[in-house]
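Accompanying notes for the structure given below.
Read-outs: derived from the displayed coordinates by stated rules, not from any lab. Just so we're clear, the structure is a prediction, and the values are computed from it rather than from any experiment. Here Cβ is always computed from backbone atoms with ideal geometry, including for glycine, and neighbour counts include all displayed protein chains.
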Amino acid sequence: MTPLFAQASLTDPSHLGVLIGTIIGVAALMLGIRVLGLVLAATHPDPAPATSGRSKAATTQSIPEHHVLAVIAAATHETLGKPHRILSVSPVAPPSVESLMLQWSMEGRRAIYSSHRLR
Amino acid sequence: MRRRDDLGRLLDRPFRNHSKGAQEVNLPDFLDLFQGIGTLVKSSPLILISRIGFMLLGLLLIYLGKKGVLEPLLMIPMGLGMSSVNAAVLVLANGEQGTLFVDPLVTDHTELLNLLQIDFLQPVYNLLFSNGLIACFVFMGIGVLLDVGYVLARPLLSMFLAICAELGTVATFPIAVGLGLNFNDAASIAMIGCADGPMVLYTSLMLSRDLFVPIGVVAYLYLGLTYGGYPYLIKFLVPEKLRALPVVEKKTLVITSSEKLAFAVVGCTVLCLLFPVAAPLFFSLFLGVAVREAGLHYFVDFIGGPLLYGATLFLGLTLGVLCEASTILDPKVLTLLVLGILALLLSGIGGIAGGYVMYLVSGRKFNPAIGIAGVSCVPTTAKVVQKSVSAVAPNVVVLPVALGACISGVITSAILTGIYVTVIPHLK
C-alpha cells in the first residue's frame, strides 16, 4: 500500500463503516425505486400510449402496405399533375436530439430577435 | 514553498556541467540536461508512478474528448495540460523540483510577484482562477444560453424536479463529514452533486482553498459521467413503458422577453439580498439572462462566444496544469473520488424519484425519466433524457420540459452554493 492510500481516511475502521453503510443505503434506494418503477409500469392504466412512436408504428403496420402505396401514388399524382413513377418509399426518420436542440435554439433566437426593434 | 529569484538563475542549473564537454557527459549530466527525465528518475516511487499515470491520463482524456465520450472543449486542453505539466518538471534554482507553468500554492506576496514574471500561466491563475472570476465568466456565458421561458412555462414542475435532483448535493455533505472531512471540505465535495463545474469551483475556492485543485479536477472529470453514466441509470430505474410516455399537450404559454427580463432582475436582486457571499455567481448568471432578454445582440455574441469559450479554454488548461503530481496528491483524494461519484449518483436518483412523484401527482401522465434533467448540467442532462426517451419512443419529444427542469437546476444549484458558502463557515 502506498503512503497516499495508507493515509486516506477511508482506511479508518469507523469511516469504512460509514462508507459501507452508505453503499448499502444507496443500493437499497436504487432497488426500491426500480421495484416501484416496475410496479407502476405493470399497473399503468394506458398500456399503449396513443401518441408513442411504437403505437404509431403498430397502427401503420396494421394498414395493408398496398393501401399506403396507393395513397402515396394518388397524392403524388394530385400534387405533380402528370404521370410519375415512384421509385422508392421510405419512412420519415424521427428527429435526432441534435436537430431538436437546433430547432429550439433557432426558435429562441427567432423569439428574441422578433421581440425587439432593431437599434 | 519553493523560492526563485529570477529566470536567469533558474536556467543556470541545467548547464552547470556544460564546461566538461560533450565527450565527458555521463549519466548525471544527461539527467541534468534533460531534466524532465532527470526529475522523473530522482522522484520518490509514488511521485514517479503518479507523474507517469497523469501523463497517460492526460492522453486518455484527449482521446476520449476527440471520440466525443467526454466533453472535448474541456478535455482536450485539460488532457494536454495534464500530460505536459507532469512531463515538464525541472530542477529549480533552490534545488527543488517544479515547473514553469503555475504554482497554485504560493502565498507569500513577494514570491508571487516573482512568479508572475516566471510561470507563464501564473497571471491567468491569479487574475482569473483563484478569485473565481473564470467561474463567473462561464456563468455569464451559461446565462446567455439559458432561456428562462422554459422555467416560466412550468415553474412549479421545473423547480420541484430541480430540488429533487439536488439530493446528492445535500445528502453527500453528512456522508462526507462521516468519512472524516471537515465541514468546509465536505460542502465543497458535495457540490459535485449539482454537476455544475463553476459552482464546484466557486464553493471550493470559498470554503476549501487547500483542496480546490483536486476537487475541481475530480468535479470536471466526473461531469463527463452525466453523459456516459446517466443513460444507464435511467434505463435501470425507469422501465421502458414509462420512458415512452409522451408529454401531455397543453396550451402554449407565451412568455415575453420583458417578463423574462423582469424575472432575471427580481431573481438576481432577491438572491443577492439573501446570499451576499454568492452574489458574484448570481450576478453573473442573471447578467447573461438580462443581456439576452434585453436584446443586446453585441453583448450576447461577445459573452456567448469569445468570453464563454475563452474562459472554457483557460479553465480546462489551468485545471490540467494544476494536476502536477506533487500538487494534486493529497491523502484525501481517494475520499474525494468516492464522494464525487456518490454525489452525482444520488442526484440522478433524486431526480428520477422526483419524476416518479410527478408521475403519480399528474395522474400517471408524466414521464419520470424527465426528473433526471433537474441535475443542472445544462443542457447535457436534458439531452440525455431526450436520447433515452427517443431510444424507446422516437416520436416523443420531452426536451422542452427537460430543459425547464435543467435550467431550474442551475438556479437551485446557485442557491445551494449560496447556502453552503454562507452557512458552513458558521458551523463549528
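Descriptive notes on the structure:
- For residue B:273 and residue B:118, the FRET efficiency from 1/(1 + (r/R0)^6), where r spans their Cβ atoms and R0 equals 51 Å, is about 0.75.
- Of the residues B:152, B:130, B:69, the one whose Cα sits farthest towards the positive end of the charge dipole of chain B is B:152 (charges of +1 on Lys and Arg Cβ, -1 on Asp and Glu Cβ, taken about the Cα centre).
- Order of B:50, B:284 under a 10 Å beta carbon neighbour criterion, fewest first: B:50, B:284
- Put simply, when B:338-345, A:75-82 are sorted by average Cβ atoms within 10 angstrom per residue, most first, you get B:338-345, A:75-82.
- Local charge for residue B:355 was computed over the other residues whose Cβ lies under 13 Å away, with Lys and Arg +1 and Asp and Glu -1, and equals +3.
- Normalised by 2.2 N^0.38 Å, where N is the number of residues, the alpha-carbon radius of gyration of chain B equals 1.08.
- Rounded, prolate or oblate (a/c below 1.5 giving rounded, otherwise prolate when a/b exceeds b/c) for region B:231-379 by Cα gyration tensor: oblate
- Listed from fewest to most Cβ neighbours within 10 Å, the set B:330, B:103 follows the order B:330, B:103.
- Ascending count of other beta-carbon atoms within 10 Å, so fewest first, for B:260, B:42: B:42, B:260
- Exposed loop sites here are GluC sites (Glu not before Pro) assigned a DSSP state other than H, G, I, E or B and surrounded by at most 16 other beta carbons within 10 Å; excluding them, the longest clear run of chain B is B:250-428.
- FRET E, pair residue B:256, residue B:133, Förster distance 30 Å, beta-carbon r, rounded to 0.05: 0.35
- Filtered chymotrypsin sites (Phe, Trp or Tyr not before Pro), region B:117-167: DSSP coil and at most 13 other beta carbons within 10 Å: B:120
- Chain B: relative contact order in percent, alpha carbon pairs under 8 Å with at least 6 residues between: 25 percent
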